[in-house]
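To start, the structure under review is shown below, and the notes come after it.
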Amino acid sequence: MKVTVVGAGNVGASVAEYVAMKDIANEVVLLDIKEGFAEGKAMDLNQCATLNGFNTRIVGSTNDYSKTAGSKVVVITSGIPRKPGMTREELIGTNAGIVKTVTENIIKYSPDAILVVISNPMDTMTYLSAKSSGLPKNRIIGMGGALDSARFRYRLAEALECNPNDVQGVVIGGHGDTTMIPLTRLATYNSTPVSNYLSEEKLEEVAKATMVGGATLTGLLGTSAWYAPGAAGAAVVESIIRDQKRLISCSVYLEGEYGQEDICVGVPVIIGKDGWEEVIDYKLNDDEKAKFEASCEAVRKMNNALEL
Ligand SMILES: NC(=O)c1ccc[n+]([C@@H]2O[C@H](COP(=O)([O-])OP(=O)(O)OC[C@H]3O[C@@H](n4cnc5c(N)ncnc54)[C@H](O)[C@@H]3O)[C@@H](O)[C@H]2O)c1
Ligand SMILES: O=C(O)C[C@H](O)C(=O)O
């Protein structure tokens, strides 16, 4: 099984590392436009094999797509990250061209691949990939909700002072500072509503911290985060390769689900060997529905800036 990761920068290398550590692919191809960069990252990662006990071969490629041929999954991380003070949406001018070209090159060599889009602004880049590739909708998955939900669970566990693995929580909507929707009403601490333990004000605080999770890290790091984004990307890849049928919030092309058409936005989906298989209806209440609609309007506005 071959997995390709386009962009060997912070997030791409992190996805490659986590995929290798999971030992779910024989080969991971890391491709970057910067001369020798992907080869260097691949060599460094290969030298972890005996230390971390994996048997995945990592191959570096400077823009040679023939090396990516026959990939089962392709993760797109190529593009610029934001700097402190910027929004993800400001990246569209540079990243749209990159994501479009990369998508076209990838499907020339791997027409049956499932694409996992990570580059920002992620929902719009996923929509662009869907439109420019012409691939069946189930084979285009935007990764954002997996990361945002992990951050939500971390913030909830911090507030509850508990083990994060005992907390369930999902973020839907756009992957933007103001568009994501942490579903606090549905979050649980080992099957009991978190509202049993946390006040409305505390839950509001948790939701706000979740929404600006990426911006907070960008402020601290000077560039955007990569460990949790890499782990979230690898979790999506694992669910595809192992056909795990995990229920993960991902940005997918909607045709009526959640009342939306012709948009890629975060909703809970089942992820398996054929890509995303089914959207699960969380039965949003009126307030959540209104937030979801506003989120979709903002994403749609971004999509309108694309030259398709
Ligand atoms: N969806 C998410 O949850 C999420 C999370 C983190 C980061 N991101 C986004 O992922 C992207 C990458 O972030 P990063 O921190 O890895 O940035 P980075 O600068 O470390 O790496 C990006 C890499 O892409 C490469 N690249 C640029 N154009 C290319 C092309 N045409 N073909 C191949 N490679 C190309 C660059 O050379 C660079 O090595 C950014 O857009 C960032 O905003 C999204
Ligand atoms: O915050 C960013 O710009 C990167 C990414 O989308 C994240 O949420 O970490």
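The values are calculated or read from the model by the stated rules, or taken from the named source; none is laboratory data. Note that the coordinates shown come from a computational prediction; the quantities given were computed from them, not determined experimentally. Virtual Cβ from ideal backbone geometry, glycine too; neighbours counted across all protein chains shown.
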message: Tell me yes or no: at least one residue of the stretch 145-168 is in a loop (DSSP other than H, G, I, E, B) and within 13 Å of ligand 2 (Cβ to nearest atom).
response: no
field: Criterion: in contact with a strand residue (DSSP E or B) (Cβ under 8 Å, 6 or more places away or on another chain), modelled with pLDDT of 95 or more, over 25 Å from Y253 (Cβ atoms) and not aromatic (F, W, Y) - qualifying residue of A157, A146, A215
entry: A157
query: Could you say which residue among Y282, Y258 is buried (at least 16 other Cβ atoms within 10 Å of the Cβ), over 17 Å from the mean Cα position of the chain (by Cα) and not in a helix (DSSP H, G or I)?
result: Y282
task: Note down all Cβ pairs under 7 Å where the first residue falls in the stretch 23-39 and is over 24 Å from I241 (Cβ atoms), the second is more than 8 Å from ligand 1 (Cβ to nearest atom) and part of a strand (DSSP E or B), and they're at least six residues apart or on different chains.
output: E35/T62; G36/T62; E39/G60; E39/T62
- prompt: Does V269 qualify as being within 14 Å of ligand 1 (Cβ to nearest atom), outside any helix (DSSP H, G or I) and either in contact with an Asp or Glu (Cβ under 9 Å, 6 or more places away or on another chain) or assigned by TED's automatic domain parsing to the domain that holds V28 (or both)?
  reply: no
message: So L91 ticks every box in (1) within 11 Å of ligand 2 (Cβ to nearest atom); (2) part of a loop (DSSP other than H, G, I, E, B) but one. Which box is left unticked?
response: (2)
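Can we say S61 is at pLDDT 95 or above and more than 12 Å from ligand 1 (Cβ to nearest atom)?
Values: at pLDDT 95 or above: yes; more than 12 Å from ligand 1 (Cβ to nearest atom): no.
When the stated conditions are applied, S61 does not pass them.
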task: Output the helices (runs of 4 or more DSSP H) that fall wholly within the stretch 172-248 and possess 1 or more residues being away from ligand 2 (no atom under 13 Å from the Cβ), or say none.
output: 200-211, 227-241
